[in-house]
Each structure stands twice: as structure tokens, then as C-alpha cells.
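Structure first, commentary second.
The values are calculated or read from the model by the stated rules, or taken from the named source; none is laboratory data. Bear in mind that the values here come from a model prediction, so they are computed numbers and not experimental data. Quick reminder, even Gly has a Cβ in these numbers, built from the backbone with ideal geometry, and neighbours come from all protein chains shown.
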Amino acid sequence: EMPPLDVLSDQEIAAVVTFVRNNWGNASLRPTNMPAIDAATVAVLRRKKLSPEQVYGDRQQLKAAAAK
């Protein structure tokens, strides 16, 4: 079970995202122009308070952009 993300610091979330992006073959799938995730980026994204539907929509847009 995944803990709520408010338990993790912005730096910890950035570290997890970076780890996932760079392992299990994900690095080769990532667009070369995709910026790194740091604590400041996580802080900005947290303040947006996106709904699950908004996150899903954003993921679909990223997926479509990566396919180009």
C-alpha cells in the first residue's frame, strides 16, 4: 500500500521520481528534453492540488508527446 504523499518531503519525492525515471529501462523511454525533477518542482506541483482525473489527463498528454 502506498503511503499518502504528504508523509514524504519534496526532496524525497524528487528522489523517488528520479530513481524510477532512471531504472528498469525507463531512461531510454524518456524524451531527451524532459527536465529533471527536483524538490522545487515537486513543491510547485503539490500546490496545484490536481484531481486524479487531471493527473491522468496530463499523463496522456505526456504519453502522446513522447510518441512523436
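Give the residues of the stretch 28-59 that are farther than 19 Å from Val16 by Cβ, surrounded by 10 or more Cβ atoms within 10 Å (Cβ to Cβ) and at pLDDT 85 or above, sorted by residue number. Hits for the stretch 28-59 are Gln54, Tyr56, Gly57.
Count of the stretch 1-25 residues, restricted to those that are in a loop (DSSP other than H, G, I, E, B), modelled with pLDDT under 90 and surrounded by fewer than 11 Cβ atoms within 10 Å (Cβ to Cβ), is 6.
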